[in-house]
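> Take this structure, written in structure tokens, and hold onto it; I'll ask about it next.
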Amino acid sequence: HYTSNDKLGDYVFYGCSGLTSLTLPSSVTSIGRGAFYGCWKLTSLTIPSGVTSIGYSAFRGCSGLTNLTIPSCVTEIGDKAFYGCSGLTSLTIPSGVTSIGDEAFSGCSRLTSLTLPSSVTSIGDKAFYSCWMLNSLTIPSSVTSIGDEAFYGCIGLTSLTIPSGVTSIGGGTFEGCSGLTSLTLPSSVTSIGNDAFTGCCGLTSLTIPSGVTSIGGGTFWGCWGLTSLTIPSGVTSIGNYTFTGCSGLTSLTLPSGVTSIGNYAFQDCSGLTSLTLPSGVTSIGICAFYDCSGLTSLTIPSSVTEIGDKAFYGCSELTSLTIPSSVTEIGWGAFRGCSGLTSIYVYPENLPELGIDIFTGCDAKNCTVYVPKGTYDAYKSSEFGYFEKIVEFDATGIDKVTTSTNAKEVSRYSANGQRLSAPAKGLNIVKYSDG
């Protein structure tokens with residue numbers, strides 16, 4: 001609690017809840033940690049012009065403060081410095097400040113506008129957490145780092161431009177920013193953290209920079225206003241809950257490098273009618289397409305080995321299904337409630353490991369299951385026996401080939417592997433853009 005003529009000590013007025021006004025001597029140059037922590041009746045204070053630093057939690061919980069001027073000499077604003085100052089409506093940060101500390105303005109719920117100087121280079125974790133009335137903010141071009149949950153719950157923000165020096169969007173950075181309708185991400189961004197845009201239901205479009213290689217789980221959870229999105233080619237996995245509840249999404253392009261679809265990744269994406277899974281995908285997570293009721297066509301790539309529990313639960317509009325020979329495991333209730341299925345082509349010659357209730361709710365009488373020759377008995381005595389019609393077919397040749405309608409030819413070869421520039425007489429091997 002050291003206090004001198006030029007330093008207001010740590011926690012010197014901590015918990016002085018009856019304090020309503022105070023005059024500080026002009027000689028004070030620094031305000032210590034928690035100096036006014038919990039002084040919630042303090043309505044105004046003049047900070048001496050010579051003050052250069054405001055310590056950790058210095059004004060934390062000063063909910064009665066409605067007006068405060070930060071002197072121009074201040075170069076440092078500590079973590080949680082104005083945490084919970086719910087009475088503040090506006091604030092100007094001095095030009096010498098280079099960083100906004102973690103949770104510096106967290107809970108400043110009445111703050112409507114804020115000016116950040118061009119000297120600021122970093123915005124800390126939860127810096128403006130739950131500043132839900134903040135409707136005007138310009139992030140200066142000098143900023144290169146924005147922390148996790150920095151703008152969490154800022155429902156008043158309608159548009160924001162991220163500076164070109166920022167390379168990553170942290171976890172939960174814009175979570176709950178339901179008023180955000182316009183957001184520009186610079187080409188410098190390479191990674192987007194977990195839950196970065198969760199609950200941003202006002203976003204109708206967003207361009208993800210081509211350099212992004214990592215998109216965290218839950219990134220677009222509840223962004224039901226999004227209608228289309230293109231995932232950059234460098235992304236290799238779709239995490240858990242990434243597009244959960246994106247009911248407005250009608251178009252989505254997944255890059256060819258994606259190898260895994262996480263749990264609940266597309267749950268409740270009822271607007272999706274078709275989706276092409278890249279040829280390298282090896283696993284489809286639990287409830288990955290749960291209740292995607294608008295999905296009419298889907299091709300499961302021949303690289304998939306595992307289909308998770310309830311992966312396609314409630315996909316009532318699916319009419320046909322192909323299970324590739326690579327599949328070794330189908331989870332509980334994987335196709336439960338797929339009432340529109342009329343045909344299922346099953347290619348594994350060895351019966352996969354099966355969960356229970358895989359096809360409950362499907363049309364047992366009107367859906368035909370096609371299984372490889374010589375496997376009728378094995379499939380009939382398994383969960384596939386739910387269906388009345390099981391027919392053997394020759395699964396060793398080229399059969400039931402499917403491709404997306406927008407697939408384009410990528411390359412062409414002769415039977416001996418020579419690259420062809422145009423169709424040639426005889427057998428040609430053609431690669432398409434869907435893999």
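Every read-out reported here was derived from the displayed coordinates using simple, explicitly stated rules and does not represent laboratory data. Predicted model, so just to flag it, every value in this text is computed and none were measured. Here the Cβ is made from the backbone with ideal geometry for all residues, glycine too, and neighbour counts use every protein chain on show.
> What residues qualify as long-range amide H neighbours of Thr322, i.e. H under 5 Å apart, gap of 5 or more or another chain, H built at 1.01 Å from N?
Placed amide hydrogens put Ile300, Tyr345 under 5 Å from Thr322.
> Right, next: Give the Rg (one decimal place) followed by the Dmax (whole number) of the chain, computed from C-alpha coordinates and expressed in Å.
Both quantities, over Cα of the chain: 29.2, 95 Å.
> While we're here: Where q = 0.28 Å⁻¹, what log10 of I(q)/I(0) comes from the Debye formula for the stretch 244-318, counting one point per Cα?
-1.45
> Hey, what do the phi angles of the stretch 258-265 turn into as Karplus ³J(HN,Hα) couplings, whole Hz, using 6.51/-1.76/1.60 and θ = phi - 60°, x for Gly and Pro?
5, 10, 9, 10, x, 4, 6, 4
> Based on the Cα atoms of the stretch 1-157, what semi-axes does the equivalent ellipsoid have, where each is the square root of 5 times one gyration tensor eigenvalue, given in whole Å with the largest first?
Numbers: eigenvalues 116, 60, 33 Å².
After scaling each eigenvalue by five and taking roots: 24, 17, 13 Å.
> Between Ser279 and Ala422, what FRET efficiency comes out of the Förster formula 1/(1 + (r/R0)^6) with R0 = 30 Å and r the beta carbon distance, rounded to 0.05? Can you show the working numbers first?
Values: r = 25 Å, r/R0 = 0.83.
Once rounded, the FRET efficiency stands at 0.75.
> Gly176's amide H: which non-local residues (gap 5+, or another chain) put their own amide H closer than 5 Å, with H modeled 1.01 Å from N in plane and none for Pro or chain starts?
Residues meeting the amide H criterion: Gly153, Thr198, Gly199, Cys200.
> Please label the shape of the stretch 293-372 as rounded, prolate or oblate, based on the square roots a ≥ b ≥ c of the eigenvalues of the alpha-carbon gyration tensor (a/c under 1.5 means rounded; beyond that, a/b larger than b/c means prolate, else oblate).
Details: a/c = 1.44, a/b = 1.34, b/c = 1.08.
The shape class here is rounded.
> Using the Cα gyration tensor of the stretch 1-90, with a ≥ b ≥ c the square roots of its eigenvalues, what is the shape: rounded (a/c below 1.5), prolate (a/b larger than b/c) or oblate (neither)? Walk me through the numbers before you get to the answer.
Values: a/c = 1.42, a/b = 1.24, b/c = 1.15.
It is rounded, given that a/c, with a ≥ b ≥ c, falls under 1.5.
> Also, I was wondering about something else. Taking the chain as a Gaussian network, Cα atoms linked when under 10 Å apart, which of Ile100, Ile70, Ile284 shows the biggest mean-square fluctuation?
The residue with the greatest mean-square fluctuation here is Ile70.
> Let me ask something else about it. Suppose every K and R has +1 on its Cβ and every D and E has -1 on its Cβ; what is the size of the dipole of the chain about the Cα centre, in Debye to the nearest 20?
Working: 19 positive and 29 negative charges, 193 e Å.
So the magnitude is around 920 debye.
> Turning to a different aspect of this structure: Report the local net charge at Thr375: Lys and Arg +1, Asp and Glu -1, summed over other residues whose C-beta lies under 11 Å from its C-beta. Intermediate values should be presented prior to the final figure.
Details: positive: Lys373, Lys380; negative: Glu349, Asp377, Glu392.
Its environment carries a net charge of -1.
> Just report the Cα centroid separation between the stretch 125-149 and the stretch 6-25, whole Å.
Here the answer is 29 Å between Cα centres.
> Among bridges DSSP assigns within the chain, what percent are antiparallel (round to 5)? Don't skip to the answer; put the middle values down first.
Values: 7 of 62 bridges.
Here the share of antiparallel DSSP bridges comes out near 10 percent.
> Under the definition of Cα pairs under 8 Å and six or more residues apart, what whole-number percent is the relative contact order of the chain? It would help to have the intermediate numbers written out before the result.
Working: 1458 pairs, mean separation 23.4, N = 435.
Taking the mean separation of contacting Cα pairs over the length of the chain, I get 5 percent.
> Output wanted: per-residue J couplings in Hz (rounded whole) for the stretch 342-353, from phi through Karplus 6.51 cos²θ - 1.76 cosθ + 1.60, θ = phi - 60°, x for Gly and Pro.
Using θ = phi - 60°, the values come out as 10, 8, 9, 9, 10, 9, x, 7, 9, 4, x, 6 Hz.
> While we're looking at this one, here's another question. Which distance in Å, rounded to a whole number, links the C-alpha centroids of the stretch 35-70 and the stretch 405-424?
71
> Once amide H atoms are placed 1.01 Å from N in the peptide plane, what residues at a sequence separation of 5 or more from Glu392, or on another chain, have their amide H within under 5 Å of its amide H?
It is Val371, by chain and number.
> Same structure again: Report the residue, chosen from Gly245, Gly171, Gly64, that carries the largest GNM mean-square fluctuation when the chain is represented by alpha-carbon nodes joined by springs under 10 Å.
Comparing Gly245, Gly171, Gly64 in a Gaussian network model of the chain, the most mobile one is Gly64.
> If a/c stays under 1.5 just call it rounded; otherwise compare a/b with b/c (prolate if a/b is bigger, oblate if not). Do that for the stretch 175-317, with a ≥ b ≥ c from the square roots of the Cα gyration tensor eigenvalues. Mind dumping the intermediate values first?
Details: a/c = 1.83, a/b = 1.29, b/c = 1.42.
Oblate, since a/c reaches 1.5 and b/c is not below a/b.
> Taking θ = phi - 60°, what integer Hz values does the Karplus form 6.51 cos²θ - 1.76 cosθ + 1.60 yield along the stretch 413-426, in sequence order, with x for Gly and Pro?
Once θ is set to phi - 60°, the couplings for the stretch 413-426 become 9, 7, 4, 8, x, 6, 5, 10, 8, 8, x, 10, 4, x Hz.
> Continuing with the same structure: Just to confirm a number: summing +1 for Lys and Arg and -1 for Asp and Glu over residues other than Gly285 whose beta-carbon lies under 12 angstrom from that of Gly285, what do you get?
Working: positive: Lys310; negative: Glu306, Asp309.
Counting the neighbours of Gly285, the net charge comes to -1.
> For the stretch 1-121, give the magnitude of the charge dipole about the Cα centre (Cβ charges: +1 Lys/Arg, -1 Asp/Glu; no others), in debye to the nearest 20.
Details: 6 positive and 6 negative charges, 55 e Å.
So the dipole magnitude of the stretch 1-121 works out to roughly 260 debye.
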